[in-house]
Amino acid sequence: MKKPPVRKKPRLAVFKFASCDGCQLSLLSCEDELLAVAGAVEIANFLEASRAVVKGPYDVTLVEGSITTPHDAERILEVRAQSKFLVTIGACATAGGIQALRNFGDVKEFTSLVYARPDYISTLATSTPIASHVKVDYELRGCPVSKANLLELLSSLLHGRRPNIREHSVCLECKKRGTVCVMVAHGTPCLGPVTHDGCGAICPAFHRGCYGCFGPQETANTSSLAAAWTRMGSTGEDLTRAFRTYNASAEPFRREGDAHARPG
């Protein structure tokens, strides 16, 4: 009697581009849950966790980081070609990251001030999200990403179902945890009404305004929020700084930051 064929485990790969590694560390810090993931897949490429490298193709590929160099612009094409599902994780991969602040300045000027030999530096004038270069199957926002969302996404892809990830604002998270609105109660500027949930509303829970780490919520009304901030005494410079942080290049935030920026 023939033995049934051994079912191969799906191959999981994790690649890093311009980033701080924080989103990969979110996966590593899942601890017990990560052991279950590791038992369900073959971790083929994850240099943050192992030196072992297995060539593609890959069933699921997680990509952290933005594209900032000519070399990485070529490398992401290779990663995409080897991946059945490509998922971007974190603000850098989904919106260019905090390094996208270069998009509002002169990179040549920056490198001339920082490096003794700027001619050795090979970089692009902009920091762009992965989706600007290749087709992306799913995006997980955050700086860093939510561990719960990351595990849910991996589980859904491995079991062939739709990810159960919410599409709400941080305001709903404040209501769920019983946190009093810092804007209403204290007049504290907060990006919560236009920011995607996922963080658990940590900052408002400690009487601080949301910094927009998880990027713009779908159909974010940034102009209305900016008007509310202005009534509370915020200046145009305050608004530009607020919208130009971790997700500066995400379209709603970029547009609102530009609207209040000083000319030149």
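Read the figures in this text as sums done on the coordinates, not as results from a lab. Predicted model only: the values in this text are computed from it and were never measured. Cβ coordinates were reconstructed from backbone atoms using ideal geometry, including for glycine residues, and neighbour counts include every protein chain displayed.
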Sorted by Cβ neighbour density within 10 Å, fewest at the top, the residues V182, V136, V170: V136, V182, V170
Relative contact order [Cα under 8 Å, 6+ residues apart], the range 11-159, whole percent: 28
Loop-exposed chymotrypsin sites (Phe, Trp or Tyr not before Pro) per DSSP, neighbour cap 15 Cβ within 10 angstrom, longest uninterrupted part of the chain: 1-114
Solution diffusion estimate, µm²/s, Stokes-Einstein, the range 22-72, Kirkwood Rh from C-alpha pairs, 37 °C, viscosity 0.692 mPa s: 262
Debye log10 I(q)/I(0) for the range 11-159, one point scatterer per Cα, at q = 0.18, 0.21 Å⁻¹: -1.02, -1.30
Rounded if a/c under 1.5, otherwise prolate or oblate - the chain, Cα gyration tensor axes: oblate
Long-range amide H partners of F85 with built H, under 5 Å: V60, T61
Surrounding net charge for P204, when Lys and Arg each add one and Asp and Glu each subtract one, Cβ distance under 13 Å: +2
Sum of side-chain charges, A261 neighbourhood, beta-carbon under 14 Å (Lys, Arg +1; Asp, Glu -1): +1
Computed P(r) (all Cα pairs; the range 111-175; 10 Å bins; percent): 15, 30, 25, 17, 13, 1
Inter-label distance for C181 and A40, nm, one decimal - labels placed 7 Å from Cα along Cα-to-Cβ: 3.8
Relative exposure of M183, M232, judged by other C-beta atoms within 10 Å (fewest first): M232, M183
Cross-link pairs beyond the 20 Å C-alpha cut-off, checked among K55/K84; K108/K135; K9/K135: K108/K135; K9/K135
Contact order normalised by residue count of the range 170-260, Cα under 8 Å, 6+ apart, percent: 25
Ranked S156, S29, S169, criterion: other C-beta atoms within 10 Å, fewest first: S29, S156, S169
Exposed-loop-free span, longest in the chain, where trypsin sites (Lys or Arg not before Pro) count as exposed if DSSP calls them loop and at most 16 other C-beta atoms lie within 10 Å: 56-134
DSSP bridge pairs, the chain: antiparallel proportion in percent, nearest 5: 25
Relative contact order of the range 74-149, pairs being alpha-carbon contacts under 8 Å that are 6 or more residues apart, as %: 49
Pairs of Cα atoms farther than 14 Å apart, the range 170-260, %: 59
Magnitude of the charge dipole, the chain, Cβ model with Lys/Arg +1 and Asp/Glu -1, debye to 20: 760
Gain on full stretching of the segment that runs from M232 to V54 - 0.36 nm per residue minus C-alpha separation: 58.6 nm
Over the range 110-264: Rg over Rh, Cα atoms, Kirkwood Rh: 1.03
Beta bridge orientation in the range 11-159: antiparallel %, DSSP, nearest 5: 20
Under 11 Å, Cβ to Cβ, from K108 - net charge with Lys/Arg +1 and Asp/Glu -1: -2
